[in-house]
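Engineer: Sharing a structure, written as structure tokens. Questions coming.
The values are calculated or read from the model by the stated rules, or taken from the named source; none is laboratory data. For clarity, every value in this text was computed on a predicted model and none was experimentally measured. Here the Cβ is made from the backbone with ideal geometry for all residues, glycine too, and neighbour counts use every protein chain on show. For the accessible areas, the whole protein counts, side chains as well, though only heavy atoms, and no ligand, DNA or RNA atoms are used. Shrake-Rupley method; radii C 1.70, N 1.55, O 1.52, S 1.80 Å.
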Amino acid sequence: DLRSKLGTMQNSVKAAESKAAVLSEALKTQDEVLNECYVKIGTKKELQQAGLLKGGLLSKKKINYQNVNKSDFEKVDIRRFTSVHLASSKPKILTPLPNSNSYHFEKNGDGTITLFIDDPAAFWSVSNYLIIQL
């Protein structure tokens, strides 16, 4: 009788360990999905060719959200994406941002600018996409 109970308990432990492994993998996948965002940096012409800009000569350029395709963007992990070097002296962030306290620009010696993300949670709170025009 004791051997039977021991065998049942060992099977229960194996089942619990298997379930814990599955839950751990699911948690890891969920964590990656929650922290992924997408970045697209390009000139006005490149962004127009990608179909991301809409508007005419007299109207203000706006992002065409209907043409946003994840495959055209670089996928980043917001926990590791804290700065990006921009090969431009006057870059424009086209996506909406919460406030200027979540990021800042610094000029480099060669006339280019680097974007630093000071508060990733706030910076990415409005949109999971970052579009920058050079």
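Engineer: Could you work out the helix-only [θ] at 222 nm for the chain, with each DSSP H run of four or more residues adding -39,500 (n - 2.57) and the total divided by the number of residues, to the nearest 500 deg cm²/dmol?
Structural biologist: Roughly -10500 deg cm²/dmol at 222 nm, from the helical runs in the chain.
Engineer: Carbon and sulfur atoms: what percent of the 1.4 Å accessible area of the chain do they account for?
Structural biologist: Numbers: 4930 of 9370 Å².
Ligands and nucleic acids excluded, carbon and sulfur reach 53 percent.
Engineer: For the range 59-129, state the semi-axes of the equivalent ellipsoid (square roots of 5 times the eigenvalues of the alpha-carbon gyration tensor), sorted largest first and rounded to whole angstrom.
Structural biologist: Result for the range 59-129: semi-axes of 20, 17, 13 Å.
Engineer: What is the helix-to-structure angle for 2-34, meaning the angle in degrees between its Cα long axis and the longest Cα principal axis of the chain, kept from 0 to 90 and rounded to the nearest 10?
Structural biologist: 0 degrees
Engineer: May I pose another question? What FRET efficiency would be calculated for the residue pair residue 67, residue 22, taking the C-beta separation as r and a Förster radius of 35 Å, to the nearest 0.05? Don't jump to the answer; show the numbers that get you there.
Structural biologist: Values: r = 38 Å, r/R0 = 1.08.
In this case the efficiency is close to 0.40.
Engineer: Here is a further query. Ratio of alpha-carbon Rg to the 2.2 N^0.38 Å globular estimate for the chain, to two decimals, please. Mind showing how you got there, number by number?
Structural biologist: Numbers: Rg = 23.3 Å, N = 134, 2.2 N^0.38 = 14.1 Å.
Dividing the Cα Rg of the chain by 2.2 N^0.38 Å gives 1.64.
Engineer: Sticking with this structure for a sec: Given the Cα-Cα distance of residue 93 and residue 15 and 0.36 nm per residue of separation, how much length would full extension add, in nm?
Structural biologist: Result: 23.0 nm gained on full extension.
Engineer: Can you work out the Karplus-derived ³J(HN,Hα) for every residue in the range 81-97? Use 6.51 cos²θ - 1.76 cosθ + 1.60 with θ = phi - 60°, whole Hz, and x for glycine or proline.
Structural biologist: 8, 10, 7, 8, 7, 10, 7, 7, 8, 9, x, 10, 7, 8, 7, x, 10
Engineer: Pop a pseudo-label 7 angstrom from the Cα along the beta-carbon direction at both residue 116 and residue 31 and give the gap in nm to one decimal.
Structural biologist: My value for the distance between the label points is 2.8 nm.
Engineer: Mind listing the long-range amide H neighbours of residue 95? Cut-off is under 5 Å, sequence gap 5 or more, other chains count too, H placed in the peptide plane at 1.01 Å from N.
Structural biologist: Answer set, sorted by chain and number: 131.
Engineer: Taking only protein heavy atoms into account and a 1.4 Å probe, give the accessible area per residue of the chain in Å².
Structural biologist: Averaged over the residues of the chain, the accessible area is 70 Å².
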